[in-house]
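Right, one structure below, let's go through it.
The values are calculated or read from the model by the stated rules, or taken from the named source; none is laboratory data. Here the structure is a predicted model, which means the values were calculated and not measured. Backbone-built Cβ (ideal geometry, glycine too); neighbour counts: all protein chains shown. Surface accessibility is based on the protein's heavy atoms, side chains included, excluding ligands, DNA and RNA. Shrake-Rupley method; radii C 1.70, N 1.55, O 1.52, S 1.80 Å.
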Amino acid sequence: TPGKRYEPELNVLPEQAMPKAPGAEAGIPALTKAEAEIANTIYFQRCAGCHGVLRKGATGKPLTTDITRNLGYDYLKNFITYGSPAGMPNWGTSGELTEPQIDIMARYLLNEPVAPPEWGMKEMRESWKVLVPVDKRPAKQMNKLDLDNLFSVTLRDKGQVALIDGKTYEIVKIFETGYAVHISRMSASGRYLYVIGRDALINVIDLYMDPPAEVARIKIGIEARSVETSKMHGWEDKYAIGGAYWPPQYVIMDGATLEPLKIVSTRGMIYDEQTYHPEPRVASIVASHYRPEFVVNVKETGFIDLVDYTDLKNLKVTSIAAERFLHDGGFDKTGRYFFVAANARNKVAVIDTKEGRLIKVIETQGDRPHPGRGANFDTKEFGPVWATSHLGSEHITLIGSDPEKHPENAWKVVKVLEGQGGGSLFIKTHPNSKNLYVDTPLNPEAEIASSVAVFDIDNLDKPYEVLPIGEWSGISQGQRRVVQGEFNKDGSEIWFSVWNGKEQESAIVVVDDKTRKLKKVIKDPRIVTPTGKFNVYNTRKDIY
Ligand code: DHE
C-alpha cells in the first residue's frame, strides 16, 4: 500500500522473508514453520550484522552449512550459549537468549540459509511517505533552539532518537524511528536530520519546524546501517543516500522528500581474487567536500565507490580496489583525505577525495581497527595525525595525515599508544581540545568497559588518565558500558553514553574537557539504551 506506515513493532522481517519449513535432509534436524520464523527473527536481530544474511561471514565467522554441519549441533549450542573471547557474545549465559531459543538457533544453522527477498524501486516507493510536503514546511527556522548545539541521541532498543539541547541538557523531543536505530547524519545546512534503523527505515526530521518534526520516511531494504547527504558546495541538502546490508545496494534519494531516485546494487567481484560475492554490504558512507560525490564503502568485496551524483542517468562511479571488510571511517582535519578501516584485515585505506584515488592501504599494528569517524589532532613530533583505536587490542594507532608540510610522516603509522585494553569502538577529540578520549565498551572487564582513557595530546607519552564514567553516572546496577564520546559545538564538553540493559537505568555523562571532571549527569526514564550521539554542528561539518 502506498504510504504505508512502518511502525517500530512491525520491525521484524516481512512475511515473505520467512524461510519455508526447511526440507529435512538426512541427519539434519528440521524446524517447524513457527520455529523457522523465530529463528529468522533472532538471526536478523542478533547475528546477521556480523555473519551476514547468507552467513558468509565478515566481522563474525562464516556459518555456511559446510562449516556448521561439521561442527555439529552440540558445538553450535555451546558456542551460542557461552560465546568466545574472539568476540562472539555469550547469548545464553548473559540471559539474552533462552535455552529453547538457543536450541532453535543451533538447528537453524544446520539448515541452508534462506535469502530474504529483494527490495527494489517498487517496494521502496510503497514504503515511502512524505508526512509534510516541502511547500508546507517553513522557509526559515521557526523555533528558538540553538540547532547547531543539539544532539541526536540513539535510544537503541527503543527504536527512537532523543533530541537533546546541548546547553540546557533538556530533551527537546523524542522521535519514533526504525528497529535498533543506528546512526544519525545531518544535511549540509543543518536543517535536516536523517536517522537510519537496522531495519533500513530512514526518517528525516526538519529542525526548522516548531517543534522539529518528522517530514518523510522510507524503507530502503531489509537491513541497513548508513545514511548520508550531499555536502559539496552548490549541492547542499539536495540528495540523501542510504546504504543497505540486505539487499546489498545503495539508493540515492531526494534530500527533502526521500523520494528514491536511483538504486545501485553492490553485488560483484571481490577486489583481489575476483570471485563473485552475492552479499557485499554497504558499510560507511561519507559525502565529499571536494567533489559532488558520495564515498561508499563496500564491505565484502573491498571496493570504495566514489559515486558522482551530478547526473543520475549517466551515473559515474569510480570503483577503487582497496581492501576487504571495509567498515567505518572519517576525514582528516582538512576534509580532503578519507580514512576507512578494513577491520578484519587490520588495515586502514586512505582516499584522496579531491583527486578521487586511493593513496595507500596501511597496516595498523593492532587487531581490528574501529575508529568510528576517528580523531584528528596536531602533534609536535609528527604534525597532524588521524587516529583509530581497536576492537581486538589495546592499541591506538596514529597515522600522519599532512602530505604538504609533513610528507615524511604522511600515510605512515607514526606512533602506537597503549590504552586500557581491547573492546574499543570509538575515539574522539575536537580542534579546541587537548585530550584524546578512548572508550572500551566491549572489554570483558566491567571496570574497563565502564570507563574511558584520556591521553594528553601535547604529551602522548604521559600515562593516560582513567575517567570512571560509569561510576560518575551514579548507576550501580547492570553492565554500564560507556560508549562513544561526542563533543558539543564549541568543544568544551564531551558526552558519553552509559549504555545499560533495556530494563535498567542508563544515562549520559557530560565531562568538562578542560578539567576532565564530571559536569552533568543527564538522566530521564525516557533515556533507554543510549548509544551514539551526534552533535548537529560537528556532524554536518565533519569535525572530529
Ligand atoms: Fe555500528 C557506525 C555497522 C554494531 C554504534 N556501525 C557504524 C557504521 C557501520 C556500522 C557500517 C558506519 C556508518 C557510517 O558512518 O556511515 N555496527 C555496525 C555493524 O555491522 C555492527 C558491528 C553489528 C550490528 O549487528 O549492527 C554494529 N554499532 C554497533 C553497536 O552494537 C553499537 C555500539 C551500538 C548501537 O547503537 O547499535 C553501534 N555504529 C554505532 C555508532 C556509529 C556506528 C554510534 C556512529 C559513530 C560515529 O561517531 O559516527
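Separation of the stretch 144-212 from the stretch 465-510 is 19 Å, based on Cα centroids. The alpha-carbon of Lys333 sits under 12 angstrom from the alpha-carbons of these aspartates and glutamates, leaving out residues fewer than 8 places away in its chain: Asp378, Asp402, Asp542.
Each other residue within a Cβ distance under 10 Å of Asp199 adds +1 if Lys or Arg and -1 if Asp or Glu, for a net charge of +1. For the stretch 484-505, backbone nitrogen atoms closer than 12 Å to the point 7 Å from Lys519 Cα along Cα-to-C-beta are found at 486-496.
Using the Cα centre of the stretch 479-544 as the reference point, and only Cβ charges (+1 on K/R, -1 on D/E), how large is the resulting charge dipole? Debye, rounded to the nearest 20. Before the final figure, lay out each step's value.
On the way: 14 positive and 9 negative charges, 13 e Å.
It comes to approximately 60 debye.
Once you reduce the stretch 384-404 and the stretch 73-91 to the center of their Cα atoms, the two points are 32 Å from each other.
Based on the inverse mean of 1/r over its pairs of different Cα atoms, what is the Kirkwood hydrodynamic radius of the stretch 346-450, in Å?
Numbers: mean 1/r = 0.0713 Å⁻¹.
The Cα-based Kirkwood calculation yields 14.0 Å.
Calculated translational diffusion coefficient of the chain (25 °C, 0.890 mPa s; Stokes-Einstein with Kirkwood radius over alpha-carbon pairs) equals 104 µm²/s. Computed about its Cα centre, the charge dipole of the chain is approximately 840 debye, with only Lys, Arg, Asp and Glu carrying charge at their Cβ. Determine the calculated [θ] at 222 nm for the chain from helices alone, applying -39500 (n - 2.57) to every DSSP H run no shorter than 4 residues and normalising by the residue count; nearest 500 deg cm²/dmol. When only DSSP H runs of four or more count, the value is -3000 deg cm²/dmol.
Based on the mean of other beta carbon atoms within 10 Å per residue, what is the order of 248-256, 462-470, most packed first? Could the numbers behind the result be given before it?
Details: 248-256: 23.2, 462-470: 17.3.
Per-residue Cβ counts within 10 Å, averaged per peptide and sorted highest first, yield 248-256, 462-470.
Taking a straight Cα-Cα cut-off under 13 Å and skipping sequence neighbours fewer than 8 places away in the same chain, the aspartates and glutamates within cross-link reach of Lys140 are Asp206, Asp210. Once the Cα-Cα distance is subtracted from the 0.36 nm per residue extended length, the Cys50 to Tyr290 segment shows a gain of 83.1 nm.
If we sort 433-442, 497-506, 366-375 on the protection proxy, mean other Cβ atoms within 10 Å, highest first, what's the order?
366-375, 433-442, 497-506
May I ask you to give the percent of accessible area on the stretch 448-523 that is carbon plus sulfur, with a probe radius of 1.4 Å? Don't skip to the end; give the middle numbers.
Numbers: 1400 of 3170 Å².
Carbon and sulfur together cover 44 percent of it.
Would you tally the net charge around Gly421, using a Cβ to Cβ cut-off of less than 15 Å, leaving Gly421 out, and scoring K and R as +1, D and E as -1?
Details: positive: Arg368, Arg481; negative: Asp367, Glu394, Glu418, Asp439, Glu445, Glu447.
Local net charge: -4.
Which entries in Lys136/Lys238; Lys61/Lys158; Lys428/Lys541; Lys462/Lys541; Lys144/Lys514; Lys231/Lys415 show an alpha-carbon gap greater than 23 Å? From Lys136/Lys238; Lys61/Lys158; Lys428/Lys541; Lys462/Lys541; Lys144/Lys514; Lys231/Lys415, over 23 Å: Lys61/Lys158; Lys462/Lys541; Lys144/Lys514; Lys231/Lys415. Loop-located GluC sites (Glu not before Pro) across the stretch 273-306 with a Cβ neighbour count of 15 or fewer within 10 Å are Glu273, with loop assigned by DSSP. Positive end of the dipole of the chain (Cβ unit charges, origin at the Cα centre): among Met142, Asn78, Trp119, the Cα lying farthest that way belongs to Met142.
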